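Colleague: Pasting in a structure now, in structure tokens, and then I'll have a few things to ask.
The values are calculated or read from the model by the stated rules, or taken from the named source; none is laboratory data. As the structure is a computational prediction, the values presented were derived from the model and not from experiment. Reconstructed Cβ throughout: ideal geometry from the backbone, glycine too, with neighbour counts over all protein chains shown. For accessibility, only protein heavy atoms count, side chains too; no ligands or nucleic acids. Shrake-Rupley method; radii C 1.70, N 1.55, O 1.52, S 1.80 Å.
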Amino acid sequence: MSECGLIILGNSGAEKSFIANILLNEESFVHECSSTSVTHETEYRDICFDGHCYSIFNIPGLVEADQARIELNKQEIYKAFQLRPLSVVLFVFNGGAGGRLKDEDIVAYEAINSAYNFGDASMVTYVIIDYDALPANRKADYDARTAITLQKLLNKTHPIRVCFLNRINDLSDDNAKDKLRAQLASFLIQCSPHNYEKHGDISLRAEDIRMLKQAIKEMQDQFEKQLVVMQRQIEQKQQEFDEYKKTTREDIEFYKGVISRSEISESGRICSIS
Ligand SMILES: Nc1nc2c(ncn2[C@@H]2O[C@H](COP(=O)(O)OP(=O)(O)OP(=O)(O)O)[C@@H](O)[C@H]2O)c(=O)[nH]1
Ligand SMILES: [Mg+2]
């Protein structure tokens, strides 16, 4: 059994279950294009690759329109941390229309952060930005701008570690899935697990969501203006991303091999938590 969790958080539709399945190289968890939330109960599966073992959790999103559902979602999120306090937490943000970060995603992050105190250290929060509506040939400095904006919106003084994923257009394209898996795996290997203690409850009330989203929107609008005078910082950051992409290109080939050889552990069936 794996002692270390891989807790994938984010809102409904952020593609959490899809990402978990890509890592597992199997359609283990249900993922659907749906106007309502798909995952409602926390479940997990163990996986080992390259000597690293994790319990990958499939967890509901947090934000929903009604309070009763939010309360249920909170409980499902607690379960994952109770079962595997030592975890790597990946928070999935979507690059929404026009490439802007979704206000709702920041609201969800802050609410969960209020319970688990992700803190400021770059080691604690690992972020996946899943490009939703964006073309692969987006603006050259998009990654840097987005990472810097996110750092600001999440109120971190240290840079956060971000993995940018491209959307796969054809879900039957196994090669594209292999590439995505390798990209995720090489990012994951660099993420150190942290012991998460619950300091309080996840703080989110349905009636406050609209106001919270508006506050984030205003912050994002304001910061967009500041970015104009941050060109040098953006260029530097983009260089870092470009360098990283170059060095991970070989890793992608490496992980393709490692993961295809790896075996899901005996206890690798889906475990539901009641
Ligand atoms: N074509 C394509 N579809 C994707 C991609 N990533 C995710 N999807 C689809 O997006 C939809 C939503 O993803 P899910 O993984 O179900 O989202 P979730 O975050 O688990 O959502 P909840 O379970 O409601 O919390 C699913 O239909 C996925 O198959 C991609 O790269 N390409
Ligand atoms: Mg899901």
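Colleague: From (1) loosely packed, with under 15 Cβ neighbours inside 10 Å; (2) at pLDDT 85 or above; (3) of a type outside the set (D, E, K, R), pick out the condition that doesn't hold for Gln190.
Modeller: Every listed condition holds for Gln190 apart from (2).
Colleague: Still on this structure, please answer the following. Is there a residue in region 4-16 that is more than 11 Å from ligand 2 (Cβ to nearest atom), farther than 19 Å from His194 by Cβ and assigned to a strand (DSSP E or B)?
Modeller: no
Colleague: Answer yes or no: is there a residue in region 60-68 that is open to solvent by less than 30 Å² (accessible area, probe 1.4 Å), more than 13 Å from ligand 2 (Cβ to nearest atom) and touching a helix residue (DSSP H, G or I) at 6+ places or on another chain (Cβ under 8 Å).
Modeller: Yes, region 60-68 contains a residue that is open to solvent by less than 30 Å² (accessible area, probe 1.4 Å), more than 13 Å from ligand 2 (Cβ to nearest atom) and touching a helix residue (DSSP H, G or I) at 6+ places or on another chain (Cβ under 8 Å).
Colleague: State all residues of region 236-274 that are under 30 Å from Ile59 (Cα atoms), at pLDDT 60 or above and among the hydroxyl-bearing types (Ser, Thr, Tyr); if no residue qualifies, say none.
Modeller: Of everything in region 236-274, those that are under 30 Å from Ile59 (Cα atoms), at pLDDT 60 or above and among the hydroxyl-bearing types (Ser, Thr, Tyr) turn out to be Tyr244, Thr248, Tyr255, Ser272, Ser274.
Colleague: Inspect region 7-20 for any residue being hydroxyl-bearing (Ser, Thr, Tyr) and more than 9 Å from ligand 1 (Cβ to nearest atom) and give the result as yes or no.
Modeller: No, the conditions are met nowhere in region 7-20.
Colleague: Mind listing whichever residues of region 28-44 are at pLDDT 90 or above and within 23 Å of Ala176 (Cα to Cα)?
Modeller: If the condition is that a residue be at pLDDT 90 or above and within 23 Å of Ala176 (Cα to Cα), then Phe29 is the only one that fits.
Colleague: Could you please find all residues in region 65-109 being in contact (Cβ under 8 Å) with a residue 40 or more places away in the chain and in contact with a His (Cβ under 8 Å, 6 or more places away or on another chain)?
Modeller: The answer is Leu86, Ser87, Val88, Val89.
Colleague: State whether the residues of region 224-232 include one that is in a helix (DSSP H, G or I), free of Cβ contacts under 8 Å to residues at least 60 places away in the same chain and buried (at least 18 other Cβ atoms within 10 Å of the Cβ).
Modeller: no
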